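Step one of this worksheet: look at the structure below.
The values are calculated or read from the model by the stated rules, or taken from the named source; none is laboratory data. Predicted model, so just to flag it, every value in this text is computed and none were measured. No Cβ is skipped: glycine too gets one built from the backbone with ideal geometry, and neighbour counts run over all protein chains shown.
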Amino acid sequence: MLSVDQALNQILADAKCLVDTQNIRLGEANGRVLAQAITAQLSMPPFDQSAMDGYAFKLSELPHSKTLPIKQRIPAGQAPGKHIPGSAARIFTGAPIPAGADCVVIQEDTQTNGENVNLGGNTASWQNIRKQGEEVKQGEPVIEAGIRLDPPLVGICATHGLAQLNVYQRLRVGVMSTGNELLEPGMPLEPGKIYNSSRYLLQGLVEELGFEFVDVGIVGDGFEDTKQAITRATEKCDVLITTGGVSVGEEDYVKNAIDELGAINVWKLAIKPGKPLAFGHAHNTPVFGLPGNPVSSLVTFLNLARPYLLIAQGRRYSGEQKLTAAAGFEQKSSNRQTYLRVRLQDNQLYLFNNQSSARLSSAGWADGLAIQAIDQPVTKGDPLEYLSFSALLT
């Protein structure tokens, strides 16, 4: 059996960005992938700025009495005049420091009669002042291309006055379910049938990662129907994901259909759950053939399809950031790399009581996956690598 790392290396050897770029309004940028690096359009702060409400003055001019006349009032948004020697300026948070002043004492440490102010408390050069360019200087890099924008990053773009951004178009990811046994939720449940949970699971994963979901629907077991459905799907999506039909059974038609439409590799992976996995191309469109079992679909999507999709979307990808935590359980060894549904609490991993690949409830209960290495039993206290669902879906 092929290891997970071997399969992933083969998959990523084919990975490249598959989408064009577009300009969008800043208000539409959250969740999109930046196609062009952002450099500082101006220094931040753009001027020496008061960090507090208080009084600005030149420290070397402060007399022993610490009392100065108030000669200016500077609210935020108003350009001040130059510092008036031997005086203090009433100043507010965010307001520009008058040229020549170099200290701000917060109002809580002062006393005033309206005309003069006594500047009590400690005083030091440049205290309570945000210096021009201390965060970033004009022309310096701010955000790298290939980053998925979140609200703080969009806010940073706004501080630099950017009304539009150049981003990658959303990757169109099609999902095709196969099997005569599948019914859509809401339909009467017939004998021998099951509801199609994998379709809705994968839709959520695709949309959570910022891709455009394309519903290909359910395709019954049959070679010509499968081939025609794949052909139609490749006309409207950038990457196609199928569930079921990639094993070696007589009713598994996906492999042969893709083989006829392009080329495909089917691997028996040393992974649990999710042993059969296919990757190839149909009409030059990349295709992932995932297992039909929903837990197996989840595990193989996150660990094998997701890295490819991120690169196809134009995102920077350098591998998963794994945590290490202590096992709070025991588990027998397996000849496959096992992804256990667990919860992390107080740096200890707790195991769902039934790890069957048929138990989708295990993924609903868990907040991530613990990785059990091949042929390695787990005893309490053993350090295990852990992948959180929240990190995998950002």
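What to note about this one:
- Options Thr242, Thr226, Thr231: the member that is assigned to a strand (DSSP E or B), surrounded by 14 or more Cβ atoms within 10 Å (Cβ to Cβ) and not aliphatic (A, V, I, L, M): Thr242
- From the list Gly120, Gly133, the one residue that fits, being surrounded by 13 or more Cβ atoms within 10 Å (Cβ to Cβ), over 18 Å from Arg73 (Cα atoms), in contact (Cβ under 8 Å) with a residue 40 or more places away in the chain and over 44 Å from the mean Cα position of the chain (by Cα), is Gly120.
- For the range 154-168, the condition of being in a loop (DSSP other than H, G, I, E, B), hydrophobic (A, V, I, L, M, F, W, C) and surrounded by fewer than 17 Cβ atoms within 10 Å (Cβ to Cβ) holds for at least one residue.
- Within the range 177-194, being touching an Asp or Glu at 6+ places or on another chain (Cβ under 9 Å) and either under 25 Å from Lys236 (Cα atoms) or at pLDDT below 90 (or both) holds for Thr178, Gly179, Asn180, Leu183.
- When each of Asp5, Asp20 is tested for being farther than 27 Å from Glu212 by Cβ and surrounded by fewer than 16 Cβ atoms within 10 Å (Cβ to Cβ), the lone residue that passes is Asp5.
- When Asp150, Asp215 are screened for being out of contact with any Gly (no Cβ under 6 Å at 6 or more places or on another chain), within 21 Å of Leu309 (Cβ to Cβ) and outside the structural domain of Val299 (by TED's automatic domain parsing), only Asp150 passes.
- The single condition among (1) surrounded by fewer than 19 Cβ atoms within 10 Å (Cβ to Cβ); (2) touching a residue at least 40 places away in the same chain (Cβ under 8 Å) that Arg336 does not meet is (1).
- Only a single item in (1) surrounded by 15 or more Cβ atoms within 10 Å (Cβ to Cβ); (2) more than 21 Å from Thr159 (Cβ to Cβ); (3) under 46 Å from the mean Cα position of the chain (by Cα) is not met by Thr67, and it is number (3).
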